[in-house]
Amino acid sequence: QVRLVESGGGLVQPGGSLRLSCAASRIIFSLYTMGWYRQAPGNQRDLVAVISSGGSTNYADSVKGRFTISRDNAKNTVYLQMSSLKPEDTAVYYCNAHLTDVRTGREYQHWGQGTQVTVSS
């Protein structure tokens, strides 16, 4: 069974930093596009950042210049370094793994259980 396990969430003051980690198991991690999403109460789950198997990255406008996504294929882990945190960054952050089999068109998608990030003074 595929597992994505997030860690690193918590309470931080505005302007502070946090580093989220997501450790994956039972997938060929290097083939997957990895992403971080977040969901605040009453809101939909939104994309924060993604990193492709080749290392290309993309960010939501709201986090550009403040957040950095990276991956370590040797450790099957994706990271989200968050800096200059704002109260509006408060949400549950979810790790996502996505792969499309180009031969069959079948999509594989997996989610972690989420980790709470609270930005408050």
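Looking at the chain as a GNM with Cα springs under 10 Å, which of Thr104, Thr57, Thr33 has the largest mean-square fluctuation?
Thr104
How large is the dipole of the chain about the Cα centre if only Lys and Arg carry +1 and Asp and Glu carry -1, each at its Cβ, rounded to the nearest 20 debye?
That gives the chain a dipole magnitude of about 220 debye.
Over the heavy atoms of Ile28, what accessible area does a 1.4 Å probe trace out, to the nearest 10 Å²?
Surface accessible to solvent at Ile28 totals approximately 110 Å².
Per residue, what accessible area does the chain have, given a 1.4 Å probe and all protein chains present, in Å²?
54
Can you pull the percent of the range 18-121's accessible area that's carbon plus sulfur, 1.4 Å probe, other chains left in place?
C and S atoms contribute 45 percent here.
Bin by bin, in steps of 10 Å, what percent of the Cα pairs in the range 24-91 do you find, going until the bin that has the longest distance?
All Cα pairs, binned at 10 Å, distribute as 20, 49, 27, 5 percent.
As a test of understanding, state the convex hull volume per residue of the chain from its alpha carbons, in Å³.
In the chain, the Cα hull volume divided by residue count equals 105 Å³.
Could you work out how much longer the chain between Gln81 and Arg66 gets when fully extended? Use 0.36 nm per residue separation minus the Cα distance between them, nm to one decimal.
4.6 nm
Among DSSP beta bridges lying fully in the chain, give the percent that are antiparallel, nearest 5.
Of all bridge pairs located within the chain, approximately 95 percent are antiparallel.
How would Arg66, Arg106 line up by accessible area, probe 1.4 Å, largest first?
Largest to smallest exposure gives the sequence Arg106, Arg66.
What is the distance in Å between the Cα centres of the range 58-93 and the range 2-21?
With the range 58-93 and the range 2-21 each reduced to a Cα centre, they are spaced 9 Å.
How much length would be gained if the chain were fully extended between Ile27 and Gln44, taking 0.36 nm per residue of separation minus their Cα-Cα distance, in nm to one decimal?
Full-extension gain reported as 3.4 nm.
The values are calculated or read from the model by the stated rules, or taken from the named source; none is laboratory data. The model shown is predicted, which means the values in this text are computed figures rather than measured ones. Heads up, the Cβs are rebuilt from the backbone with ideal geometry, glycines too, and the neighbour counts pull from every protein chain shown. Surface areas here come from the heavy atoms of the whole protein model, side chains and all, with no ligands, DNA or RNA. Shrake-Rupley method; radii C 1.70, N 1.55, O 1.52, S 1.80 Å.
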